[in-house]
1. Return the pair list, or none, for Cβ contacts closer than 6 Å from residues in the stretch 245-271 that are in a helix (DSSP H, G or I) to residues that are hydroxyl-bearing (Ser, Thr, Tyr), at least 6 apart or on different chains.
2. Has the stretch 76-91 got at least one residue that is charged (D, E, K, R), within 12 Å of the ligand (Cβ to nearest atom) and in contact with a Leu (Cβ under 7 Å, 6 or more places away or on another chain)?
3. Name the one entry in 197, 239, 193 that is among the small types (Gly, Ala, Ser), more than 22 Å from residue 277 (Cβ to Cβ) and outside any helix (DSSP H, G or I).
4. Among 187, 180, 129, which is in the same structural domain as residue 102 (by TED's automatic domain parsing) and surrounded by 20 or more Cβ atoms within 10 Å (Cβ to Cβ)?
5. Tell me which of these residue 58 doesn't satisfy, since it passes every other one: (1) within 24 Å of residue 238 (Cβ to Cβ); (2) part of a loop (DSSP other than H, G, I, E, B); (3) away from the ligand (no atom under 14 Å from the Cβ).
6. So which residues in the stretch 173-214 are of a type in the set (Ser, Thr, Tyr) and either within 16 Å of the ligand (Cβ to nearest atom) or touching a Ser or Thr at 6+ places or on another chain (Cβ under 8 Å) (or both)?
7. For the stretch 114-172, enumerate the residues that are of a type in the set (A, V, I, L, M), assigned to a helix (DSSP H, G or I) and within 16 Å of the ligand (Cβ to nearest atom).
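The values are calculated or read from the model by the stated rules, or taken from the named source; none is laboratory data. Being a predicted model, the structure only gives us computed values, none of them experimental. Neighbour counts are summed over all protein chains in view; Cβ atoms, including those assigned to glycine, are modelled from backbone coordinates with ideal geometry.
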Amino acid sequence: MDKTVAFFGLGHMGAPMSFNLVKAGFRVKGFDPVADLLDHACSQGVERCVSPQEAVKDAEFVISMLPHDTAVESLYIDEERLLDEIEKTSLIIECSTISATSSKRLISAANDKGLQAIEAPVSGGVTGAAAGTLSFMCGGDDSSVKRARVILQHMGTNIFYAGTAGAGQTAKICNNMLLAVHMIGTAEALQLGVDNGLDPKVLTEIISKSSGSNWSLQNYNPYPGVMENVPASKHYAGGFMVKLMSKDLGLAQQAANASRSYTPLGSLARNLYGLHSLAGNEELDFSSIQQLFQESC
Ligand code: NAD
């Protein structure tokens with residue numbers, strides 16, 4: 001059981017995260033319902049499991065990287081009822097971005113069954129997942145978070161303790177709401193420059209050294225051809241899908257409603273990403289919001 005990990009969700013993020021654990025010497029038992037993704041993971045040293053139940057057998061850590069609340073609750077509590085199968089000495093590390101409500105439900109249901117569980121949503125994107133430089137925003141019992149560091153350190157460089165269950169997810173949606181806002185602002189500014197005769201690479205260089213600089217501009221530039229190896233230069237393939245950003249912006253609005261907070265830019269960002277998604281772009285990377293401004297010309 002020592003150093004055995006069950007890993008659920010081998011998509012854009014889960015695959016490279018699990019590969020880093022393989023490289024660090026863990027035995028990684030993987031499960032994903034999409035056969036091609038499971039095949040790819042197995043080609044990188046992940047052990048194939050045909051059911052979630054098989055994956056958790058003898059696993060000291062159980063990690064999940066799933067799309068949304070329903071997938072997480074279905075796996076652990078409702079359909080698959082994995083909480084009944086997981087070894088009592090295991091630690092569950094739930095890394096998906098889900099609502100604080102859903103995360104609290106999971107952690108409390110796990111604790112009721114005598115299991116340790118934390119939430120650890122991430123930031124850093126697919127590049128950070130591949131490089132092992134993710135930031136983890138952990139929430140839950142302090143001692144369980146300390147225990148998780150042994151394994152999180154092989155997938156990320158920043159391991160934050162946000163507070164009790166739900167706090168990590170709240171930190172994550174605040175971050176992603178801000179990310180959406182500066183991605184949209186960056187796309188808008190770059191298009192304005194291009195429409196007025198500027199080269200987007202030159203404009204990026206100027207703003208990068210000026211007061212408008214931000215992460216989207218410098219690390220994940222949305223204008224095609226400005227930066228190599230980002231989704232914008234690969235027809236917006238890979239990366240962080242529009243539908244997942246839309247989900248996160250919906251979670252931010254839910255939280256804002258519950259706390260009676262005003263988030264006008266977050267609300268606008270949610271609507272813009274929602275419309276972009278409805279226009280058939282839900283599987284593209286979220287930096288494809290650039291197209292909204294190009295198509296309006
Ligand atoms: P993805 O859709 O590429 O991967 C999710 C995977 O989960 C899919 O392969 C799917 O088949 C699998 N899955 C669904 N139900 C399952 C189950 N019951 N058991 C096992 N696997 C199951 O999504 P992603 O981009 O990897 O994102 C995963 C999570 O990470 C999301 O919550 C997202 O919001 C968050 N996130 C993504 C990024 C990013 O840049 N992509 C960055 C930070 C956080």
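1. 245/273; 246/273; 246/277; 248/97; 249/273; 251/99; 256/263
2. Looking through the stretch 76-91, none of the residues is charged (D, E, K, R), within 12 Å of the ligand (Cβ to nearest atom) and in contact with a Leu (Cβ under 7 Å, 6 or more places away or on another chain).
3. Just a single option satisfies the conditions, and that option is 197.
4. One residue alone meets the criteria, 129.
5. (1)
6. Matches in the stretch 173-214: 186 only.
7. 126, 129, 130, 131, 152, 171, listed by residue number.
Conditions tested, residue by residue: (1) surrounded by 20 or more Cβ atoms within 10 Å (Cβ to Cβ); (2) touching a residue at least 60 places away in the same chain (Cβ under 8 Å); (3) hydroxyl-bearing (Ser, Thr, Tyr).
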{"position": "199", "(1), (2), (3)": "no, no, no"}
{"position": "236", "(1), (2), (3)": "yes, no, yes"}
{"position": "276", "(1), (2), (3)": "yes, no, no"}
{"position": "280", "(1), (2), (3)": "no, no, no"}
